[in-house]
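Readers should treat all values here as calculations from the given coordinates under stated rules, not as data from a laboratory. Predicted model, so just to flag it, every value in this text is computed and none were measured. Every residue, glycine among them, receives a Cβ derived from its backbone with ideal geometry; neighbour counts consider all protein chains shown.
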């Protein structure tokens, strides 16, 4: 019989443990008859210029769907939403020093696991830039970069993130946005000023409005705004995102690991040769070998790059079965 359990969101923003601050993070927990130490654990990683809160609804809906399909004796889940370095409530933390790259971002998560979570994740889910951070985290667990105590996740989900190097010709709008905001005044006159300025530069109104949600007032009595992320830091992370290549890891995942690649049907980040390579890889790696894991490929219909916004129900239908299986 499926059980009902209340979702509990509790926030811990950059606690200091043994003198070291971890990443800002938030828990979404649910159910099961077991204690926290027995729950399955997942980490969800946002994309460039985002924050963990952007994926809160997805996390709650995913965990609810999983619970409704499980028995009362299932172990339950704990999902952790993080703010990457230079983003959200992790922006400005002094210990998150350069270099600001994919490798450092994955190491930050490993430090969070060691110092605060005390349990290596069973699942790691990353969107866009976060997808490459997820792959780097998984690969580093496998190759020992996080130490001998590290346990690699059995499930890795990469949401609309190209796993290989990205040419500047393919970077398109993201590159233009970053170059534009990098040279804007700080503080900005107002949120309205930002939106109007970006539209005048040729960016779409929806994109300009979304960027406006990443601002905060410099004081309660002023209309002047500043970014909730570190502009220079995220630009460095974007350059690293373009340069990293995880095709070799996808071609030989470790035994017991399944890597799921989800492409948004309407995403502009994929071109024919890349899709052919991905389809071939998924066909050759869909059956477990004696010494290797698997790779699966999924297309989310009716969705652009922000797939968790465009078609959240469809995305959960892709993600949930693997978590349900792991709950047993």
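Taking Cα atoms only, the orientation of helix 272-285 departs from the longest principal axis of the chain by about 20 degrees.
For the pair residue 201 and residue 222, a Förster radius of 30 Å applied to the C-beta separation gives a FRET efficiency near 0.75, rounded to the nearest 0.05.
Compared with the direct C-alpha span, the chain from residue 145 to residue 245 gains 34.3 nm at full extension, assuming 0.36 nm per residue. Under the 0.36 nm per residue contour assumption, what length would be gained going from the current alpha-carbon distance of residue 284 and residue 68 to full extension? That pair, residue 284 and residue 68, stretches by 74.4 nm at full extension. Residues of the range 209-234 with an amide N closer than 18 Å to a point placed 7 Å from the Cα of residue 190 along the Cα-to-Cβ direction: 209-227.
Counting other Cβ atoms within 10 Å as a rough exposure proxy, the listed residues 192, 285, 56 run 192, 56, 285 from fewest neighbours to most.
For the chain, DSSP calls about 40 percent of its internal beta bridges antiparallel. Compared with the direct C-alpha span, the chain from residue 324 to residue 299 gains 7.0 nm at full extension, assuming 0.36 nm per residue. Between residue 182 and residue 213, what FRET efficiency comes out of the Förster formula 1/(1 + (r/R0)^6) with R0 = 25 Å and r the beta carbon distance, rounded to 0.05? Using R0 = 25 Å, I get an efficiency of 0.85. Relative protection proxy for 134-145, 260-271, 177-188, from highest mean packing down: 134-145, 260-271, 177-188 (other beta-carbon atoms within 10 angstrom).
Report note on the peptides 62-68, 308-314, 156-162: ranked by the mean count of other C-beta atoms within 10 Å, highest first, their order is 156-162, 62-68, 308-314. Per residue, the chain reaches -11500 deg cm²/dmol at 222 nm when only DSSP H runs of four or more residues are counted, each adding -39500 (n - 2.57). Rounded to the nearest 10 degrees, the inclination of helix 56-68 to the longest alpha-carbon principal axis of the chain is 20 degrees. Counting every other Cβ atom within 10 Å of each residue's Cβ, 322, 222 order from fewest to most as 222, 322. The packing ranking, built from the mean of other Cβ atoms within 10 Å per residue, places the peptides 212-221, 292-301 in the order 292-301, 212-221, highest first. Here the spin labels are modelled as points 7 Å beyond Cα on the Cα-Cβ line, and at residue 56 and residue 276 they lie 4.5 nm apart. Is the shape of the range 168-240 rounded, prolate or oblate, going by the alpha carbon gyration tensor and its root eigenvalues a ≥ b ≥ c, with a/c under 1.5 for rounded and a/b larger than b/c for prolate? Note, shape of the range 168-240 comes out oblate.
Between helix 129-143 and the chain there is an angle of about 40 degrees, using the helix long axis and the longest principal axis of the Cα atoms.
Along its principal axes, the chain has C-alpha extents of 56, 45, 38 angstrom, given from the largest down.
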